[in-house]
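> First, the structure itself, so that you have it in front of you.
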Amino acid sequence: MRRTLIALLITLTLLAPTLARAASTVAVLPLDKASGSEDYAGLGQALAGMLIADLSGVEALQLVERERLDALLEEMALSETGFLDPSTTQRLGRGVGAELLLTGSYSVVGPTFLMDARLVQVESSHVLKAAQANGTAADFVAVEKDIVEALLEGLEVTLSSAQRRRILIQTPTESFEAFAAYGEGLQRQDEGRIDEARVAFERALERDPAFEAARTQLAAIRARLEAMHAEDTTREVDDAQRRRLAVLEQTVDERNRPASHRDSLDDLSRFALRLLVLDEMERHCQRYDEMDHFLRRVRGNVHLPPEASGPHVLVENLSEHAWEMGLEDKERATDTYSRNMRIMAAAGPLGSPERFLLDLDKAEPGHYKSDSLFKSLSRCHPEEEWIPTYERIRTDLRRWGIAEDSYDNLLTTVSLDDQLEVFVLHLQVRQRGMDLDAEQRVGVLLDRYEDDPEGRVWAQGAASSIVREAEAWERHQVSRQGLPEEVLLGMARALSEADPQRLRMDDSFCAYAVPLAGKGVTRDLETYAETRAGPRARYAPYTLDSLGIEAAAFMDMGCFAAIPARFANIDEVFDFLDSARERSRADRADTEECLDAWKRWEGHATREQVKGYPNPQLQANVLYHALRSYYALLVGQRCVESDRLGKE
């Protein structure tokens, strides 16, 4: 059995020296996958990273840089085989200047995670120490710590209390699913499959949003993809692209600005033009990074310098720089307000902190017309990262002492922090609905403005918009049958392809109804792929709803091989459909949507009609449309309770 972490701490404290060795240089090889681990092929690199992180804290050991080792492994063609004979051990160790090689393997068999490791002396190829440990996959961190403990027993090292504590406490993540996805991302990255690596790292962060190593790798992948895209677009640059590239060459990357720098009007003008060009070139990740660096450098104090008497001065200065750098032609009207709207829009974010962070008049999630930091954040990072980012910014604003700065909207004066609170609540209920936390925070916001008539109007309007967002989330949930996006898309692809491996195409209903729905599902899949990113992204969720409604009928009839049928025959289907009124939601009964839905539902097909059709293909057609109408009219409009929600 594995020792507890407390026992491990005691053991490390009492380690007895077994081999005199000072400042040994160790190269940690990626662990090999053993049997039963086909779905976890990338874990070897991730586990090697954990071992390196733990052993690097031991002063008596010097770890070989991973880049040097990877380059030599590739040169020697060992990255796949992992086989080390004596001559190979010596060549590899000498090539990276290592005295010891740490190699091993892992396997995942059902819920069990097994790991072994060996310390090999380079000169003699002698195995200095071998170690094995096992436990459940959920306890993979403790298994790795057991390996570290056993390996250290084979070396004469003196650990300080701080070193022992760091080895025990540090862990990249407690989630095995996140760690496995991270390992997959590392492997896909090494294979040059960059898009697949990005998806794997994103999945790791979905499983554990605090997984910093995955976040770092994901940021690097996104920057790399943007650079690749930029390289592709510059191969055949047109005149407009050449002008944009010239602006980037003539302006300073904000990430290289020293913290002590103080911006002049010219600096701000050039920065605004740089942000404009990055946006037009779709380098959203770089644009976000530069805006984030700027915000931190000025400590949230985003305002025009004293020499700018008003926004028009910045616009005029912007125009001058745009002419000088060749971004714009000077031959145009001189009146400030008739100048190119492109330049005027570029000046907008630098007017104030709230305009820089998000255009508060256009602050609802999914609105991409703003030129604020949120636009680049939303184009670069997945939605689950938006809230942590804005909460981090709010913490910074409070630390900088500007969170309570006033923002004048049309109704009243509201603090910047309250404006951001409304925005974050929009995002929160959009992602998980109106939970208890959101309800309490909305209540606090309303109470804060209870004694301010104008402020109360603003707070009530904000609360209403948050409630509408929560209702939209509920509509999405019920339309999608409570299924995650990736599951629903997989089911839709099976319907689109009439996949006999995933569908029961030997069933008469499925054999007739699946091809009937297939074209529409294919069209929805194409629409979803086209709209999920870019200016039309706000429409993508509704396409996903449509796919959920399509899938519901086929789940009910047992067409998916992995899901048991709800109904065994036509009578059971109509027993369910005819009892729809019994599931009516009282809180929605008098709404315009449900009154209309029930009226339209009265015309749905009856069991007598369906049974009266002698042709089984026609029966399947009508039955499919009856079930689809139920989900589209009554479930999708939330007029009946969804008994499927949360059960699949």
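The values are calculated or read from the model by the stated rules, or taken from the named source; none is laboratory data. Just so it is clear, the model here is predicted, and its values are computed rather than measured. In this analysis, Cβ positions are derived from the backbone assuming ideal geometry, glycine residues included, and neighbour counts consider all displayed protein chains.
> Residues of the stretch 559-575 being closer than 24 Å to Val640 by Cα and out of contact with any helix residue (DSSP H, G or I) (no Cβ under 8 Å at 6 or more places or on another chain), which ones?
Pro564, Ala568, Asn569, Glu572, Asp575
> Looking at the stretch 594-606, can you tell me whether even one residue there is under 14 Å from Cys510 (Cα atoms) and either in the same structural domain as Asp524 (by TED's automatic domain parsing) or modelled with pLDDT of 85 or more (or both)?
Within the stretch 594-606, the subset under 14 Å from Cys510 (Cα atoms) is none.
So far as the stretch 594-606 goes, no, none of its residues is under 14 Å from Cys510 (Cα atoms) and either in the same structural domain as Asp524 (by TED's automatic domain parsing) or modelled with pLDDT of 85 or more (or both).
> Asp506 fails exactly one of the following numbered conditions: (1) assigned to a loop (DSSP other than H, G, I, E, B); (2) in contact with a helix residue (DSSP H, G or I) (Cβ under 9 Å, 6 or more places away or on another chain). What is the number of that condition?
(2)
> Have a look at Ala561, Ala589, Ala565 and point out the one that is buried (at least 16 other Cβ atoms within 10 Å of the Cβ) and in the same structural domain as Val487 (by TED's automatic domain parsing).
Result: Ala565 is the single residue among Ala561, Ala589, Ala565 that is buried (at least 16 other Cβ atoms within 10 Å of the Cβ) and in the same structural domain as Val487 (by TED's automatic domain parsing).
> Among the numbered criteria (1) modelled with pLDDT under 85; (2) more than 23 Å from Val487 (Cβ to Cβ), which single criterion is violated by Leu186?
With (1) modelled with pLDDT under 85; (2) more than 23 Å from Val487 (Cβ to Cβ) applied to Leu186, the lone miss is (1).
> Just the residues that are hydrophobic (A, V, I, L, M, F, W, C) and part of a helix (DSSP H, G or I), please, taken from the stretch 275-304.
Taking the stretch 275-304 as the starting set, the residues that turn out to be hydrophobic (A, V, I, L, M, F, W, C) are 275-278, 281, 285, 291, 294-295, 298, 302, 304.
Within the stretch 275-304, Leu275, Leu276, Val277, Leu278, Cys285, Met291, Phe294, Leu295 meet the criteria.
> Of Arg274, Arg287, Arg299, Arg283, which residue is within 24 Å of Trp386 (Cβ to Cβ) and exposed (fewer than 15 other Cβ atoms within 10 Å of the Cβ)?
Working: Arg274 fails: exposed (fewer than 15 other Cβ atoms within 10 Å of the Cβ); Arg287 fails: exposed (fewer than 15 other Cβ atoms within 10 Å of the Cβ); Arg283 fails: exposed (fewer than 15 other Cβ atoms within 10 Å of the Cβ).
None of the other options fit; the residue is Arg299.
> Tell me which residues, restricted to the stretch 106-152, are surrounded by fewer than 16 Cβ atoms within 10 Å (Cβ to Cβ) and over 20 Å from Gly93 (Cβ atoms). Let's see the steps before the verdict.
Step one: filter the stretch 106-152 for residues surrounded by fewer than 16 Cβ atoms within 10 Å (Cβ to Cβ), giving 109-112, 123-124, 126-127, 130, 132, 136, 138.
Scanning the stretch 106-152 gives Val109, Gly110, Pro111, Thr112, Gln132, Thr136, Ala138.
> Follow-up. Would you pick out the residues in the stretch 476-503 that are within 25 Å of Val640 (Cβ to Cβ) and part of a helix (DSSP H, G or I)?
Once the filter is applied, which keeps residues that are within 25 Å of Val640 (Cβ to Cβ) and part of a helix (DSSP H, G or I), the stretch 476-503 yields His476, Gln477, Val478, Ser479, Glu485, Val487, Leu488, Met491, Ala492, Leu495.
> If I ask for residues that are among the basic types (Lys, Arg), farther than 23 Å from Arg222 by Cα and surrounded by 15 or more Cβ atoms within 10 Å (Cβ to Cβ), which ones from the stretch 238-271 would you list? If you could, list the steps in order and put the result at the bottom.
Going through the stretch 238-271, the residues among the basic types (Lys, Arg) turn out to be 242-244, 255, 257, 262, 270.
Okay, now just the ones that are also farther than 23 Å from Arg222 by Cα, so 242-243, 262, 270.
Hits for the stretch 238-271 are Arg243, Arg270.
> Here is a further query. Write out, first by first residue and then by second, each pair whose Cβ atoms fall under 7 Å of each other, whose residues are 6+ apart or on separate chains, and whose first residue, in the stretch 436-454, is in the same structural domain as Val414 (by TED's automatic domain parsing) and within 15 Å of Val414 (Cβ to Cβ) while the second is surrounded by 10 or more Cβ atoms within 10 Å (Cβ to Cβ) and among the acidic types (Asp, Glu).
Leu445/Asp418; Leu445/Glu421
> Only one of (1) within 27 Å of Leu101 (Cβ to Cβ); (2) modelled with pLDDT under 90; (3) not in a loop (DSSP other than H, G, I, E, B) fails for Thr171. Which number is that?
Evaluating Thr171 over (1) within 27 Å of Leu101 (Cβ to Cβ); (2) modelled with pLDDT under 90; (3) not in a loop (DSSP other than H, G, I, E, B) leaves (3) as the failure.
> Taking only the stretch 527-562 into account, find how many residues are more than 20 Å from Leu483 (Cβ to Cβ) and assigned to a helix (DSSP H, G or I). Before you say what the answer is, go through the steps one by one.
So in the stretch 527-562, the residues more than 20 Å from Leu483 (Cβ to Cβ) come out as 530, 533-538.
Adding the requirement that they be assigned to a helix (DSSP H, G or I) leaves 530, 537-538.
The number of residues fulfilling the criteria is 3.
> Only one of Arg532, Arg538, Arg523 is touching a residue at least 60 places away in the same chain (Cβ under 8 Å), within 34 Å of the chain's Cα centre (by Cα), surrounded by fewer than 16 Cβ atoms within 10 Å (Cβ to Cβ) and within 30 Å of His381 (Cβ to Cβ). Can you tell me which? Quick ask: steps written out before the conclusion?
Numbers: Arg532 fails: touching a residue at least 60 places away in the same chain (Cβ under 8 Å); Arg523 fails: touching a residue at least 60 places away in the same chain (Cβ under 8 Å).
The conditions single out Arg538.
> Please go through the stretch 577-591 and give me each residue that is assigned to a loop (DSSP other than H, G, I, E, B) and of a type in the set (S, T, N, Q), ordered by number.
The answer is Ser579, Thr591.
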